[in-house]
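Heads up: the structure comes next, in structure tokens.
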Amino acid sequence: MTSTEAMQDWLALEHEAVWLYPVIGARFDALTERARTSYGQHRAVRDRLLFRLHRMDIEPVPTALTYDVGRLVTKAQALAAVRQVERDIAAACLTLAGESVGELRTYATAGLRRAALAELTWAGRPTAFPGLP
């Protein structure tokens with residue numbers, strides 16, 4: 001995998017997060033504020049990734065119309081979906097960090113840290129090596 005492919009994978013997951021958080025916030029009153037904050041953070045990351053890819057003259061992966069996050073009927077299901085997307089983002093960032101050098105590696109590492117901490121804010125459990133299976 002190239003660093004461009006890894007960045008595209010990360011972008012695809014950020015698209016998913018930007019789609020997911022408003023759904024969570026709209027369905028679960030107790031999660032609305034946290035979802036709003038997470039939405040803003042992921043939208044900013046997504047926009048920076050889009051900017052980077054455009055600056056490199058690379059066509060960014062588009063957003064999907066919808067995402068398969070499973071049923072979101074209970075708060076537990078919503079939390080599980082959010083934790084999964086954050087884990088997936090951490091894994092994508094870890095892959096990018098391994099495929100890149102310099103400033104891009106630093107950026108990917110910061111993304112990994114952000115995703116690992118975000119999972120914790122959504123009742124995740126700490127792991128020794130975020131992003132690894």
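Every number in this text was worked out from the coordinates using simple rules, so none of it is lab data. Since we're looking at a predicted model, the values are computed, not measured. As a convention, Cβ positions derive from the backbone with ideal geometry for all residues, glycine included, and neighbour counts pool all protein chains shown.
Which length gain, in nm to one decimal place, applies between Gln41 and Thr121 when the Cα-Cα distance is subtracted from 0.36 nm times their residue separation?
Computed gain between Gln41 and Thr121 is 27.5 nm.
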Using only DSSP helix segments of four residues or longer, with each worth -39500 (n - 2.57), what per-residue ellipticity at 222 nm results for the chain after dividing by its residue count and rounding to 500? -25000 deg cm²/dmol
Among the DSSP H helices of the chain, those whose Cα atoms extend at least 24 Å along the helix axis and whose mean Kyte-Doolittle hydropathy is -0.5 or higher are 3-27, 75-99, 102-121
Pop the C-beta distance of Thr4 and Thr74 into the FRET formula with R0 = 30 Å and round what comes out to the nearest 0.05. 0.20
Given the candidates Leu94, Leu120, Val69, the one whose Cα lies deepest towards the positive end of the charge dipole of the chain, counting +1 at each Lys or Arg C-beta and -1 at each Asp or Glu C-beta, is Leu120
Mind checking the dipole of region 3-121: about its Cα centre, +1 per Lys or Arg Cβ, -1 per Asp or Glu Cβ, Debye to the nearest 20? 440 debye
